[in-house]
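Peer 1: Questions regarding the structure given below will be posed in turn.
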Amino acid sequence: MANTHNVSEFIFLGLSPNQGVQRVCFVIFLFLYTAIVLGNFLIVLTVMSSRSLCSPMYFFLSYLSFVEICYSSTTAPKLISDLLAERKAISLWGCMTQLFFIHFFGGTEIFLLTMMAYDRYVAICKPLNYTAIMNRQVCAVLVGIAWVGGFVHSFAQVLLIFHLPFCGPNVIDHYFCDLLPLLKLACSGAFRIGLLIVANGGTLSVISFVVLLASYVIILLHLRIRSSEGRHKALSTCGSHVTVVILFFGPCIFIYLRPSATLPVDKMVAVFYTVVTPLLNPVIYSLRNAEVKKAMKRLWIRTMKLAEK
């Protein structure tokens with residue numbers, strides 16, 4: 001490996017070369033990251049402490065929120081610290097580690113969103129068999145599959161990148177280690193590896209997105225025979241899921257399902273799916289879900305009573 005990796009570290013160009021812009025971005029992203037961690041942690045805590053949120057839907061939601069915290073934590077802290085640093089560097093192994101966890105948690109989120117769509121399909125289309133099909137053991141197995149699927153996907157991506165020779169230059173026009181910027185720095189083999197990466201990451205995103213959309217189309221068709229009240233409740237829940245799916249998969253498909261070339265807009269798109277989407281998830285699920293809002297209110301009341309004692 002020493003012969004193929006003459007580069008021992010990489011230098012990020014970051015979001016902007018302007019020092020004033022970087023200071024403003026520091027304040028903005030520090031606030032956003034804090035909101036991501038607190039918002040998603042609140043959902044995890046609410047689901048774990050509330051007896052009314054014991055259904056599989058909220059079981060998956062708590063894991064999704066936990067994954068969102070981990071996912072944003074792979075890039076946001078480094079981005080925030082680099083905004084005040086004069087030299088934005090990361091070691092080769094640090095870069096590969098960051099790349100692994102980005103795709104590990106990102107892949108896990110893709111599988112979790114698919115599991116949540118399946119849960120809604122069973123709940124709406126097969127309500128009489130819902131408790132039998134989506135029992136605790138099944139939910140635990142599905143979450144385990146999501147974690148394993150994310151690991152396999154990420155391991156394959158990092159293995160492909162790590163076998164590329166990096167001879168120099170070592171400047172990455174990005175704010176974190178991602179596939180396309182690294183392919184641009186490879187001395188050789190970038191085109192072939194780029195095709196394999198698209199086949200892995202891009203195809204996974206597209207297939208999952210198509211499966212998710214197809215499941216919601218089936219749900220919508222089935223809702224035609226429901227009462228107006230039941231249809232409204234189901235549409236409200238599915239609407240939250242569809243919103244999250246579009247916000248997450250749209251940027252991912254744009255980035256990873258194309259030839260190995262970087263575009264100026266890539267950094268802004270990356271900000272959207274690494275920072276904005278994890279921030280919006282707790283907002284979407286809490287504001288559009290009456291049960292979650294009630295559970296949060298009860299949790300707040302219990303917390304205040306304990307604080308008074």
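Peer 1: Within the stretch 176-200, can you find the residues that are open to solvent by 10 Å² or more (accessible area, probe 1.4 Å) and under 19 Å from the mean Cα position of the chain (by Cα)?
Peer 2: 180, 198, 200, listed by residue number.
Peer 1: Would you mention how many residues in the stretch 105-127 are over 10 Å from the mean Cα position of the chain (by Cα) and among the polar types (S, T, N, Q)?
Peer 2: Qualifying residue count, the stretch 105-127: 1.
Peer 1: Just give me the residues in the stretch 94-117 being of a type outside the set (A, V, I, L, M) and either more than 11 Å from residue 158 (Cα to Cα) or at pLDDT below 90 (or both), in sequence order.
Peer 2: 94, 105, 106, 107, 108, 109, 111, 114
Peer 1: While we're here: Just give me the residues in the stretch 122-168 being open to solvent by 60 Å² or more (accessible area, probe 1.4 Å), assigned to a helix (DSSP H, G or I) and not hydrophobic (A, V, I, L, M, F, W, C), in sequence order.
Peer 2: Scanning the stretch 122-168 gives 127, 129, 131, 136, 137.
Peer 1: May I ask you to verify whether residue 212 is at pLDDT 75 or above, farther than 22 Å from residue 61 by Cα and not polar (S, T, N, Q)?
Peer 2: On the way: at pLDDT 75 or above: yes; farther than 22 Å from residue 61 by Cα: no; not polar (S, T, N, Q): yes.
No.
Peer 1: Moving to a separate point now. Output the number of residues of the stretch 43-57 satisfying the condition of being more than 19 Å from residue 145 (Cβ to Cβ), over 17 Å from the mean Cα position of the chain (by Cα) and not small (Gly, Ala, Ser). Break it down stepwise before answering.
Peer 2: From the stretch 43-57, those more than 19 Å from residue 145 (Cβ to Cβ) are 43-55; that's our starting set.
Then drop every residue that is not over 17 Å from the mean Cα position of the chain (by Cα), which leaves 45-55.
From the residues that got through so far, the ones that are not small (Gly, Ala, Ser) too are 45-48, 51, 53-54.
Qualifying residue count for the region: 7.
Peer 1: Under 6 Å between Cβ atoms, which residue pairs at least 6 apart in sequence (or on different chains) link something in the stretch 10-26 that is open to solvent by 20 Å² or more (accessible area, probe 1.4 Å) with a partner that is β-branched (Val, Ile, Thr)?
Peer 2: Going by the 6 Å Cβ cut-off, the qualifying pairs are 11/171.
Peer 1: Would you pick out the residues in the stretch 100-114 that are free of Cβ contacts under 8 Å to residues at least 60 places away in the same chain and open to solvent by 20 Å² or more (accessible area, probe 1.4 Å)?
Peer 2: Selection gives 100, 101, 104, 105.
Results for (1) open to solvent by 20 Å² or more (accessible area, probe 1.4 Å); (2) among the β-branched types (Val, Ile, Thr); (3) in contact with a Gly (Cβ under 7 Å, 6 or more places away or on another chain); (4) not in a loop (DSSP other than H, G, I, E, B), shown as yes or no for each residue.
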{"residue": "51", "(1), (2), (3), (4)": "yes, no, no, no"}
{"residue": "58", "(1), (2), (3), (4)": "no, no, no, yes"}
{"residue": "62", "(1), (2), (3), (4)": "no, no, no, yes"}
{"residue": "65", "(1), (2), (3), (4)": "no, no, no, yes"}
{"residue": "69", "(1), (2), (3), (4)": "yes, yes, no, yes"}
{"residue": "79", "(1), (2), (3), (4)": "no, no, no, yes"}
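Peer 1: Got at least one residue in the stretch 201-210 being over 17 Å from the mean Cα position of the chain (by Cα), surrounded by 19 or more Cβ atoms within 10 Å (Cβ to Cβ) and part of a helix (DSSP H, G or I)?
Peer 2: no
The values are calculated or read from the model by the stated rules, or taken from the named source; none is laboratory data. Computed from a predicted structure; not experimentally measured. Cβ: placed from backbone, ideal geometry, glycine included. Neighbour counts: every protein chain shown. Note: areas computed on protein heavy atoms with side chains; ligands, DNA, RNA excluded. Shrake-Rupley method; radii C 1.70, N 1.55, O 1.52, S 1.80 Å.
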